[in-house]
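Q: Before I ask anything, here is the structure I am working with.
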């Protein structure tokens, strides 16, 4: 014998005119249901953070940024290094990864904050940091024995930041993933017993915790990673390269920046610095695949002012003739020598004018994009 279908009865309220109306509005009903579910979860699931999306405090909205030290970098990052998020800076050797991290340390100190530097490579140069204005007394320095110990230092830092929230931001730098050794490798008596994937496994284990941990504190986590040849990796255009540490840092990072050394700066026959190109390969806070260039000066280190000079020269905004330079907004007859650039920028109005021109070039996509656009305009005008 088959069961009879159950008829659903919907109670409706009757208006004075006799019109049938729902007893409860859809909005009131849905809100009531949502809040009853929220209440039940809070009661039954200890420590759960849950609410309706319009009232949720679980989302980590970025409200603060740590300056990168280069206005062009801040522009393509979406404002700087995002507090409450993580980043990965990667590239081949000698492309300025540690130099960029030092500038970030200077940036967080300019905001009154502190830095925790995990120096896995044991190669930190204190004098270079002092040269760009970093206060060593506000940098907590550690050389961890292995990856797991590095994570323990980070979790202890996070716990302290949660128990006693600081009124200033904190930057945590991991330098570098490639220089870090897993505990299992140290404990292995022979190299054959050390598992090939231990580095990726140890990094991924910590990165899974990092998603939530970094969002709950006033800090930014920065990993530095080298690009290396992938074992057995090959493509029609040549060897395949990848970053060390597995996929963990790639997923955990909200901002991933690739660096490459593109040119050596020379004055005459003498090399004076490198031009570094930065590309945002991943960015959850701004459009990805944006690029800018900055300069590592051999004397001054990573230098924002030399970067501004290089970009304006490359874009044709500063003109060069017979060894002298001219920036038209400062006056057509106001020529100057390259060596006097820093002194000229002491004047606030000059710096403001030069910075505005520099940011216009960055926003347009860089010096090459500006040159290409102006070339097209010239062709169109000829037609």
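Q: Just the ratio, please: alpha-carbon radius of gyration of region 242-381 over 2.2 N^0.38 Å, N its number of residues. Intermediate values should be presented prior to the final figure.
A: Working: Rg = 17.4 Å, N = 140, 2.2 N^0.38 = 14.4 Å.
Rounded to two decimals, the normalised Rg is 1.21.
Q: What are the principal axis extents of the Cα atoms in region 56-195, in Å, biggest first?
A: Per principal axis, max minus min of the Cα coordinates gives 48, 40, 30 Å.
Q: Now, a different point. Would you mind checking the radius of gyration and Dmax of region 65-286 based on alpha-carbon positions, in Å?
A: 17.6, 57
Q: Okay, next question. Give me the extension gain from residue 131 to residue 34: residue separation times 0.36 nm, minus the current Cα-Cα distance, reported in nm with one decimal. Don't skip to the answer; put the middle values down first.
A: Working: separation 97, 0.36 × 97 = 34.92 nm, distance 5.67 nm.
Full-extension gain reported as 29.2 nm.
Q: Now, a different point. Of all the C-alpha pairs in region 312-382, what % are more than 19 Å from each other? Write out the running numbers ahead of the final one.
A: Values: 986 of 2485 pairs.
Of the Cα pairs, 40 percent sit more than 19 Å apart.
Q: Using a 10 Å cut-off around each Cβ, can you sort 33, 105, 214 from fewest to most neighbouring Cβ atoms? All intermediate terms of the calculation are to be shown ahead of the outcome.
A: Details: 33 10, 105 27, 214 24.
By the 10 Å Cβ count, ascending: 33, 214, 105.
Q: Between residue 152 and residue 49, what length in nm is gained on full extension when 0.36 nm per residue of separation is reduced by their alpha carbon distance?
A: 34.6 nm
Q: Something else about it: From Cα pairs below 8 angstrom and at least 6 apart in sequence, can you work out the relative contact order of region 255-352, rounded to a whole percent? Spell out each step's value before the answer.
A: Numbers: 143 pairs, mean separation 14.4, N = 98.
Here the relative contact order equals 15 percent.
Q: With labels modelled as points extended 7 Å from the Cα through the Cβ direction, what inter-label distance (nm, one decimal) is found for residue 228 paired with residue 143?
A: Calculated label separation equals 2.0 nm.
Q: At 0.36 nm per residue, minus the direct Cα-Cα distance, what do residue 247 and residue 284 gain on full extension? Give it in nm, one decimal, please.
A: Values: separation 37, 0.36 × 37 = 13.32 nm, distance 1.68 nm.
Taking residue 247 through residue 284 to full extension adds about 11.6 nm, to one decimal.
Q: Then there is this: Arranged by the count of other C-beta atoms within 10 angstrom, fewest first, what order do 65, 155 take?
A: Numbers: 65 20, 155 14.
Taking fewest neighbouring Cβ atoms as first place, the list is 155, 65.
Q: Same structure, new question: Report relative contact order for region 312-382 in percent, whole number only (criteria: Cα-Cα under 8 Å, sequence separation at least 6).
A: On the way: 52 pairs, mean separation 20.5, N = 71.
This gives 29 percent for region 312-382.
Each reported figure results from applying straightforward, stated rules to the coordinates on display, with no laboratory input. Everything quoted here is computed from the prediction, not taken from an experiment. Neighbour counts are summed over all protein chains in view; Cβ atoms, including those assigned to glycine, are modelled from backbone coordinates with ideal geometry.
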